[in-house]
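To start, the structure under review is shown below, and the notes come after it.
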Amino acid sequence: MDIRVLKYFMKVAETNNITRAAEQLHVTQPTLSRQIMDLEKELGVQLFDRQHRQMSLNQAGLLFHQKVTTLLALLEQAENELHQQENDLTGIISLGIVETGVGKYMMDMVAKFREEHPGVQFALFDGDGDSLCERLDQGLADIAVLVEPVEAAKYNYIRLPVKEEWGIIMQKDDPLAQRDVLTREDLYKLPLIMGRRGIMRDSVSDVLKLDQTKLHIPITVNLPLVSRDLIVNHHYYHLGIRGVYEMYKDPELVFVPFSPRKTSGHILAWRKNIILSPAVEKFLQQLGM
């Protein structure tokens, strides 16, 4: 299967129009139509629903588009790594970062690294632990910063010097905002917003000795900042970390920690049994590997 044909397929999927796609690819419309039909014949399925001059991906086409997107990204990453040289580092480091207070530390490290190696670029993306691990597993990320606990058995990792304290983010005029700490009995009475990761919920529950059946968690989120209006305007309480509260930079919010105290560390992880590019190796060395 020709990579060029896969790129043709992606362009038709993007434009939903064979004529427009042909113009952008600088090929003739009959040539492009033939290439797409040959691709469908090779795969044994139709990828597009055709109506007049419009073409839209069908169910098989959507699945194939997802796989081709991953394949082309991996090929681009491989090409970048093959052009890197130890004495003159170039290429792209794909770095995922969980949305916590670790962001500032990592950006300082990125800036410092680029001062020494200006030929290296960074592709940064954020997400929760599950989505970052998915990108690692699929080979779409070289390294990712995760907040503990993490199912780390399949990863190599180094620990980062950034800790997070757990508590509740709430309205500043809430009666509970005057408290120095909150206990598990307080949590049982609140409508909570929590991250979707079950392992994190279990970790907090172990420290606070929570009975999870008594918790009221009507809303879960993958990224925390979307829940701000629910806290401020609708009296919800975000069970999360101080770093998220600091990211809000919102004078209408406060953070109250738990008793007993619960903290989590951060790790920088990468897949086991892979060859890292020279640029990634050098960046890990800077971070203390």
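Quick notes on this structure:
- In the stretch 162-211, the trypsin sites (Lys or Arg not before Pro) that fall in loop regions by DSSP, at most 13 other Cβ within 10 Å: Lys172, Lys189, Lys209
- Fraction of beta bridges assigned by DSSP in the chain that are antiparallel (%, nearest 5): 60 percent
- Residues Met37, Met55 in ascending order of nearby Cβ atoms (within 10 Å, fewest first): Met37, Met55.
- Overall dimensions of the chain as given by Cα atoms, namely Rg and Dmax in Å: 23.9, 72
- Within straight-line reach of Lys282, meaning a Cα separation under 29 Å, sit the following lysines at least 8 residues removed in sequence or on another chain: Lys104, Lys112, Lys154, Lys163, Lys272.
- Shown in residue order for the stretch 165-181 are the 3J(HN,Hα) couplings computed by the Karplus curve 6.51 cos²θ - 1.76 cosθ + 1.60 at θ = phi - 60°: 9, 9, x, 10, 9, 8, 4, 5, 9, 5, x, 5, 5, 7, 7, 7, 9 Hz (x for Gly and Pro).
- Secondary structure note: in the stretch 164-262, about 55% of the DSSP beta bridges are antiparallel.
- With Cα atoms defining each centre, the stretch 13-62 and the stretch 245-289 are spaced 43 Å apart in the structure.
- Ranking of Lys11, Lys154 by neighbouring Cβ atoms within 10 Å, starting from the fewest: Lys154, Lys11.
- Note on Thr220 and Ala111: their simple-model spin labels are 3.7 nm apart, each label 7 Å out from Cα toward Cβ.
- Between 0 and 90 degrees, the angle of helix 102-116 with respect to the longest Cα principal axis of the chain falls at about 50 degrees.
All of the numbers you see were taken from the coordinates with simple rules; none came from a lab. Computed from a predicted structure; not experimentally measured. A quick note on method: Cβ atoms are made from the backbone with ideal geometry, for glycine too, and the neighbour counts reach across all protein chains shown.
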